[in-house]
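Below is one structure, written out as structure tokens, with a few remarks after it.
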Amino acid sequence: MKLAMSPKRVLVGYGIDVDAVANWINTTTGAPQNPTNVSRGVYGATVGIDRLLALFARSNNIKATFFTPAHSLESFPSQIAKIRDAGHEIGLHGYTHEYISQLSAEQQQDV
């Protein structure tokens, strides 16, 4: 059975958070970092990014916005370069995924 194409155009936006380990090292309570969460962050920043880039390339060359804290950019520069080189947009959000509502105005400026 042949499906009829809809005359309507559907737009979709993809936003990916590349928090890697930044979100896990910035605990608001001062609690020690959990090695399991840090390991998951490293896996996502390495294996996960490569898999997403391959998926988007296979899927009609879909473009996405990858949001990353600066700590992730510094920790995984070659992975972030792959995102850039594939033509995706990169948006920064903080240094270690700070909780902006818990920062003073001066601390917000520093970030």
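Read the figures in this text as sums done on the coordinates, not as results from a lab. Computed from a prediction, not measured in an experiment: that's the story for all the values here. Cβ sites come from the backbone with ideal geometry, for glycine too, and all protein chains shown count toward neighbours.
For the chain, a Kirkwood hydrodynamic radius built from all Cα pairs, placed in the Stokes-Einstein relation at 25 °C and 0.890 mPa s, yields a translational diffusion coefficient of 155 µm²/s. Per-residue 3J(HN,Hα) values for the stretch 53-66, derived from phi via the Karplus relation 6.51 cos²θ - 1.76 cosθ + 1.60 with θ = phi - 60°, read 4, 5, 4, 5, 5, 6, 9, 6, 6, 4, 10, 9, 10, 9 Hz in sequence order (x marks Gly and Pro). Here's the list of lysines a cross-link from residue 82 could span, going by alpha-carbon distance under 18 Å and ignoring same-chain residues fewer than 8 apart: 63. In order along the stretch 88-94, the phi-based Karplus estimate (6.51 cos²θ - 1.76 cosθ + 1.60, θ = phi - 60°) of 3J(HN,Hα) comes to 7, 8, 10, x, 8, 9, x Hz; Gly and Pro are listed as x. Each label point was placed 7 Å from the Cα along the Cα-to-Cβ direction; for residue 90 and residue 110 their separation is 2.5 nm. Note on residue 40 and residue 11: their simple-model spin labels are 3.4 nm apart, each label 7 Å out from Cα toward Cβ. Around residue 23, what is the net charge, scoring Lys/Arg as +1 and Asp/Glu as -1 over all other residues with Cβ under 13 Å from its Cβ? Net charge in that neighbourhood comes out at -2.
Here, P(r) means the percent of Cα pairs in each 5 Å bin from 0 to the largest distance; for the stretch 44-95 it is 5, 21, 33, 26, 11, 4, 1. Between residue 16 and 65, 66, 67, the built amide H atoms are under 5 Å apart, and every one of these is 5 or more places off in sequence or on another chain. GNM on the chain, alpha-carbon springs under 10 angstrom: the most fluctuating residue among 22, 70, 57 is 57.
Simple rule: put +1 on each Lys or Arg Cβ and -1 on each Asp or Glu Cβ in the chain, find the dipole, and look at 42, 54, 16; the Cα lying farthest toward the positive end is 54.
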